[in-house]
Amino acid sequence: LETATSDREVEALPLPHGFQWGTATAAYQIEGGASQDGKGPSIWDTFSHLSPSRTNGENADVACDHYNRTTVDIKLMASLGVDVYRFSIAWSRIIPLGGRNDPINERGIAFYSNLIDELLAHNIAPVVTLYHWDAPQAIYDRYGAFLNTEEFQADFENYAHICFSRFGNRVRKWVTFNEPYIISIFAHLNGTLAPGHCRAVGTDTKTEPWIVGHTIILSHATVALMYANEFRDTQKGEISIVLNGHYYEPYDQASSQDRDAAERRLLFYIAWFGDPVFLGEDYPAVMRAYLGDRLPTFTAKQRELLQRAAPVNAYYGMNHYSTNEGKTVGPASGVAWLRVAPEGFRKLLNWIWKRYRLPIIVTENGCPCPGEKDVSTAVDDKFRQNYFGLYLDAISRAIYEDRVTVDGYYAWSLMDNYEWSAGYGPRFGIIHVDFETLERTIKNSGYYLRDTFMERRRLSHSKDATYI
Ligand code: PNW
């Protein structure tokens, strides 16, 4: 850990005065309280218990026990000076059986209602994700969840309607889905995430991932439009979706084939969802060309829905961690898939801005350190501080040199948590959690973010300022 993250120095470049910083989490990863107060089981409860070989032998029955420690966690957050906290609601706490004809669980509603009130009491704005991977098990058992587009769309609309009605008077920013790409590919093709569909368990991996994507796009559009029609005027909030994506560098810049391959990868990764959601258009032509009728078709009615819903999206929610090419680039972090490559981040900010012209909010970014073992090294996390610094510099350059609009940055994650199929191995937190005692300790990267945001925002006062 004494070794440098990379050969590059953090420059601590300015950020706009009103730039918002925050932290992000997801319900299943931190809450625990797996069956507390009437919560129903989700596909993650089932997956982690029935397929422990696919979750490092671990589950999130307890996780960080955030469900019973919200007051402590909010105080820690407030001490770091965050503007925003992005968390997700567990659908199966609100409607334990998931469906539109199933009962509502008032105790689940009370939990999130209190959480929101406590955040606001500390001047922290809640950013609420409706779906971060934990579908109620009952809707999966009934109709395969995402695999039945119409049923899912109607049940998700009902769930979202309840959330807007009960919480929307205090929430200004909504996210419908976290990372549709991961839900489609990792959960319905590779099988590494719940419900774990893949060739090995005999599911139809040729068509399922694309049906799942189709369902998410249409469910997002339905809910965005419903929010705009029924709630936006009175509640004055914004809604959108969060898309993830690595940047892709051509292996050989001089090769037009490599350049096409890298661009194609971004289209399959990001424009798969981005074009229908933000532009109201069909899937990118290159996807149709490669996938043929494995890719579902939007009916005329669905196209109309997409077109009406597209302008409702108020921002582009961007989760970003790393860059790939034919070979991996940059120094290794604490997980194999993540390398430190801030220049790829800057290029992807430009790519997204050019294609969708929406203010970008970086809704997740962060990394685990290599070899994070005991508390002392884990809390003195120089590698992570450097990663944050370099990625924030990339945002400054995108804003001031490239004129991309970036309005906020949420570090992943508020605290160490259950990292899905990797269990409690990789630690992404800016707060350390001892998973035996559940004691929390703010890491140096947490203090670093507090200080660097204060400093960077002090340096400049408006987006139109320039530092060069
Ligand atoms: C995100 N990739 O997932 C999720 O939103 C979080 O819940 C998760 O804890 C975090 O990243 C860290 O893993 C991703 O390989 C995981 O490109 C991996 C990738 C992308 C997103």
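When you scan the stretch 223-235, do you find a residue that is over 30 Å from residue 171 (Cβ atoms) and either open to solvent by less than 40 Å² (accessible area, probe 1.4 Å) or modelled with pLDDT of 95 or more (or both), even just one?
At the first step, the residues of the stretch 223-235 found to be over 30 Å from residue 171 (Cβ atoms) are none.
No, the stretch 223-235 contains no residue that is over 30 Å from residue 171 (Cβ atoms) and either open to solvent by less than 40 Å² (accessible area, probe 1.4 Å) or modelled with pLDDT of 95 or more (or both).
In this structure, does residue 355 turn out to be within 21 Å of residue 243 (Cα to Cα), assigned to a helix (DSSP H, G or I), open to solvent by less than 70 Å² (accessible area, probe 1.4 Å) and of a type outside the set (Ser, Thr, Tyr)? Answer is no for this residue. Just name the residue that is nearest to the chain's Cα centre (by Cα) out of those in the stretch 352-367 that are more than 16 Å from the ligand (Cβ to nearest atom) and in contact (Cβ under 8 Å) with a residue 40 or more places away in the chain. Top of the filtered list is 360.
Considering the stretch 58-72 alone, what residues qualify as being out of contact with any Ser or Thr (no Cβ under 9 Å at 6 or more places or on another chain) and either open to solvent by 20 Å² or more (accessible area, probe 1.4 Å) or closer than 20 Å to residue 167 by Cβ (or both)? Please lay out each step first, then the result.
Taking the stretch 58-72 and keeping what is out of contact with any Ser or Thr (no Cβ under 9 Å at 6 or more places or on another chain), we get 62-63, 65, 67-72.
Correct list: 62, 65, 67, 68, 69, 70, 71, 72.
Among the conditions (1) surrounded by fewer than 18 Cβ atoms within 10 Å (Cβ to Cβ); (2) over 21 Å from residue 100 (Cβ atoms); (3) away from the ligand (no atom under 16 Å from the Cβ), residue 165 misses just one, which is (2).
The helices (runs of 4 or more DSSP H) located wholly in the stretch 1-90 that include 1 or more residues which are within 16 Å of the ligand (Cβ to nearest atom) occupy 27-30, 43-50. The C-beta contact set for the stretch 264-276 (first residue free of Cβ contacts under 8 Å to residues at least 60 places away in the same chain, second residue of a type in the set (D, E, K, R) and crowded, with 19+ Cβ neighbours inside 10 Å, distance under 9 angstrom, 6+ apart or interchain) comprises 267/275. Filtered by the rule that a residue be crowded, with 20+ Cβ neighbours inside 10 Å and more than 17 Å from residue 184 (Cα to Cα), the stretch 142-157 gives a lone residue, 155.
From the list 424, 418, 409, 400, pick out the single residue that is within 16 Å of the ligand (Cβ to nearest atom), touching a residue at least 40 places away in the same chain (Cβ under 8 Å) and more than 24 Å from residue 119 (Cα to Cα). Quick ask: steps written out before the conclusion?
Details: 418 fails: more than 24 Å from residue 119 (Cα to Cα); 409 fails: more than 24 Å from residue 119 (Cα to Cα); 400 fails: within 16 Å of the ligand (Cβ to nearest atom).
Just a single option satisfies the conditions, and that option is 424.
From the list 410, 391, 418, 400, the one residue that fits, being touching a Lys or Arg at 6+ places or on another chain (Cβ under 7 Å) and of a type in the set (Phe, Trp, Tyr), is 410.
Picking from 297, 328, which residue would you name as being without any contact (Cβ under 8 Å) to a residue 40 or more places away in the chain, farther than 19 Å from residue 266 by Cα and open to solvent by 40 Å² or more (accessible area, probe 1.4 Å)? When all the criteria are applied, what remains is 297.
The single condition among (1) without any contact (Cβ under 8 Å) to a residue 60 or more places away in the chain; (2) over 28 Å from residue 120 (Cα atoms); (3) in contact with a strand residue (DSSP E or B) (Cβ under 9 Å, 6 or more places away or on another chain) that residue 41 does not meet is (1). Only a single criterion out of (1) buried (at least 22 other Cβ atoms within 10 Å of the Cβ); (2) in a loop (DSSP other than H, G, I, E, B) is not satisfied by residue 392, namely (2). If you filter the stretch 236-255 down to residues that are of a type in the set (Gly, Ala, Ser) and over 18 Å from residue 170 (Cα atoms), you find that the one that is nearest to the ligand (Cβ to nearest atom) is 245.
Considered as a group, the residues in the stretch 433-442 that are away from the ligand (no atom under 16 Å from the Cβ) and under 16 Å from residue 384 (Cβ atoms) include one that is most open to solvent (accessible area, probe 1.4 Å), and that residue is 441.
The values are calculated or read from the model by the stated rules, or taken from the named source; none is laboratory data. In this text the structure is predicted, and so the values were computed from the model without any measurement. Every residue, glycine as well, gets a Cβ built from its backbone with ideal geometry; the counts of neighbours run over all protein chains shown. Note: accessible area is taken over every heavy atom of the protein model, side chains too, but ligands, DNA and RNA are not part of it. Shrake-Rupley method; radii C 1.70, N 1.55, O 1.52, S 1.80 Å.
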